[in-house]
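Engineer: My structure is below; once you've seen it, I'll send some questions.
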Amino acid sequence: MSQALAVLLRKSRPIYKDLWIAQSRENFATEPKDEVIAQHLGYWDAIVQAVDTGEFDDLMMMARQAGEYQYSAGFDVASAVRRTVEATNLIEIALLEANEGEMSQIEVISEIADVRSMLVMAVVSGYNGALAKIERAKPAVSSAQLRAALLKNADKYPKIDLKQREEIGPLYDEDMRFFAIVSGKVRVYNLLPTGRTITVSILGEDDVFLQWRARASSLACVCAEAMQASRLISVSQHDLVELLAAQPAAALDVISSFAQRLTESSVLIKDLMDNSINLRLYRTLLELAEQFGQKASGRGVLIDVPLTHQRLADMVGSNRVTVTRKLLELQKRGLIAGRGSGSIEILDLEALQKLTANA
């Protein structure tokens, strides 16, 4: 980012302060406290420092902490994203008002859009991190109880055996269907109206997911692809009601947890589709390494599943040309290498994790 942006940020600080105070008065019908004003101006100063020096670690840490706070305060992830976007919109307005020819309007809008994207991703990362801590702290008994209930009545429910790359397509003939993974690995993804897909998560044994009816007016629908030979138990909406009645605590806990993850993913698809290809690709590579990684030479981890560039593009909601370019960039930086049969080796897992945190 340009030094001109840092200069303009410093110049527009008083304008931003007045705009933020006016917005706070309007939203809360009260005068914001001095310490709250100081806190928000502290965020502003952190943005200036990051743009001025090119070092964004401290700013990203503050944004992640803001995301953690939003979760603890009871906001959903959509609200956390919206509040962050609204704050950066005020920054943009302040910059445009203060600008007296230091930068073109297009440059101002473009560069603050980059900052907005980074802040939103960091806030979401902090929010999801706080959510994950709570989920990990929950006892594992719920999942075990649900699995036991399903297996006890296994003959009652249809079983689906999928070969690698076989898929469960959109649901059209009923309102909802529940799936439990008995064995294997399954990629759950959203099929977007554009025809592209974006991976929600890669699930394994004991995991569950929900499908609901695909409608023409829907923004997206949930599908699944077997990353390796997999067996699933399929439960209809009618049978799901009986299962919930028999195991309400276990089933509701697991299902509501997954439904929440799907809601968050849908929000990210809507708000970040145009700005997060790097992050989506890095995270997908890390998740694939966690699910299918085999120890390679040195610090390397081999992703032991065929990955054409087109398949990766399908997983991250992009196109093959863009993904190929991004993979070549990672290869030039010495972070990944191509291997036989379409496999990818992550040469420096720690470096890729750091790159993901700062993307």
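Engineer: Return the pair list, or none, for Cβ contacts closer than 6 Å from residues in the stretch 121-145 that are polar (S, T, N, Q) to residues that are assigned to a loop (DSSP other than H, G, I, E, B) and at pLDDT below 80, at least 6 apart or on different chains.
Structural biologist: Listed pairs, sorted by first residue: Ser143/Asp206; Gln145/Gln247.
Engineer: Out of all the residues in the stretch 128-155, which are within 23 Å of the chain's Cα centre (by Cα) and modelled with pLDDT of 75 or more? Spell out how you get there, then give the answer.
Structural biologist: Keep residues of the stretch 128-155 that are within 23 Å of the chain's Cα centre (by Cα), which gives 128-138.
Across the stretch 128-155, the qualifying residues are Asn128, Gly129, Ala130, Leu131.
Engineer: One residue is enough: does the stretch 284-304 have a residue meeting the conditions at pLDDT below 80 and among the aliphatic types (A, V, I, L, M)?
Structural biologist: Yes: the stretch 284-304 contains one or more residues that are at pLDDT below 80 and among the aliphatic types (A, V, I, L, M).
Engineer: Looking at Glu86, Glu92, which one is under 27 Å from Tyr69 (Cα atoms), outside the structural domain of Ile233 (by TED's automatic domain parsing) and modelled with pLDDT of 85 or more? Steps first, answer last, please.
Structural biologist: On the way: Glu86 fails: modelled with pLDDT of 85 or more.
Sole residue among the options that is under 27 Å from Tyr69 (Cα atoms), outside the structural domain of Ile233 (by TED's automatic domain parsing) and modelled with pLDDT of 85 or more: Glu92.
Engineer: Can you find even one residue in the stretch 183-194 that is under 27 Å from the mean Cα position of the chain (by Cα), surrounded by 13 or more Cβ atoms within 10 Å (Cβ to Cβ) and at pLDDT below 75?
Structural biologist: Looking through the stretch 183-194, at least one residue is under 27 Å from the mean Cα position of the chain (by Cα), surrounded by 13 or more Cβ atoms within 10 Å (Cβ to Cβ) and at pLDDT below 75.
Engineer: Let me ask you something else. Name the one entry in Ile198, Ile277, Ile233 that is modelled with pLDDT of 80 or more and surrounded by 19 or more Cβ atoms within 10 Å (Cβ to Cβ).
Structural biologist: Values: Ile198 fails: modelled with pLDDT of 80 or more; Ile277 fails: modelled with pLDDT of 80 or more.
Just a single option satisfies the conditions, and that option is Ile233.
Engineer: Inside the stretch 284-335, can you point out the residues that are among the hydroxyl-bearing types (Ser, Thr, Tyr) and under 16 Å from Thr356 (Cα atoms)?
Structural biologist: Step one: filter the stretch 284-335 for residues among the hydroxyl-bearing types (Ser, Thr, Tyr), giving 284, 297, 308, 318, 322, 324.
Across the stretch 284-335, the qualifying residue is only Thr284.
Engineer: Would you please list the contacts, defined by Cβ atoms under 9 Å and residues six or more apart or on different chains, that run from a residue in the stretch 89-115 that is buried (at least 16 other Cβ atoms within 10 Å of the Cβ) to a residue that is among the hydroxyl-bearing types (Ser, Thr, Tyr) and in a helix (DSSP H, G or I)?
Structural biologist: These pairs meet every condition: Leu90/Tyr16; Ile91/Tyr16; Ala94/Tyr16; Leu95/Tyr16; Ala98/Tyr16; Ile112/Thr88; Val115/Thr88.
Engineer: Any residue at all in the stretch 98-120 that is farther than 26 Å from Arg283 by Cβ, small (Gly, Ala, Ser) and either in a helix (DSSP H, G or I) or not assigned by TED's automatic domain parsing to the domain that holds Glu55 (or both)? Break it down into steps so the answer makes sense when it comes.
Structural biologist: Looking only at the stretch 98-120, we keep the residues that are farther than 26 Å from Arg283 by Cβ, and these are 98-109.
Now narrow it down to the ones that are small (Gly, Ala, Ser): 98, 101, 104.
Now restrict to residues that are either in a helix (DSSP H, G or I) or not assigned by TED's automatic domain parsing to the domain that holds Glu55 (or both): 98.
Yes, the stretch 98-120 contains at least one residue that is farther than 26 Å from Arg283 by Cβ, small (Gly, Ala, Ser) and either in a helix (DSSP H, G or I) or not assigned by TED's automatic domain parsing to the domain that holds Glu55 (or both).
Engineer: Here's another thing I want to ask about it. When you check Arg177 against the structure, is it outside any helix (DSSP H, G or I), closer than 27 Å to Leu279 by Cα and modelled with pLDDT of 80 or more, yes or no?
Structural biologist: Details: outside any helix (DSSP H, G or I): yes; closer than 27 Å to Leu279 by Cα: no; modelled with pLDDT of 80 or more: yes.
Considered against the rule, which asks whether it is outside any helix (DSSP H, G or I), closer than 27 Å to Leu279 by Cα and modelled with pLDDT of 80 or more, Arg177 comes out as no.
The values are calculated or read from the model by the stated rules, or taken from the named source; none is laboratory data. Here the structure is a predicted model, which is why all the values come from computation and not from measurement. Glycine also receives a Cβ, built like all others from the backbone with ideal geometry; neighbour counts cover every protein chain displayed.
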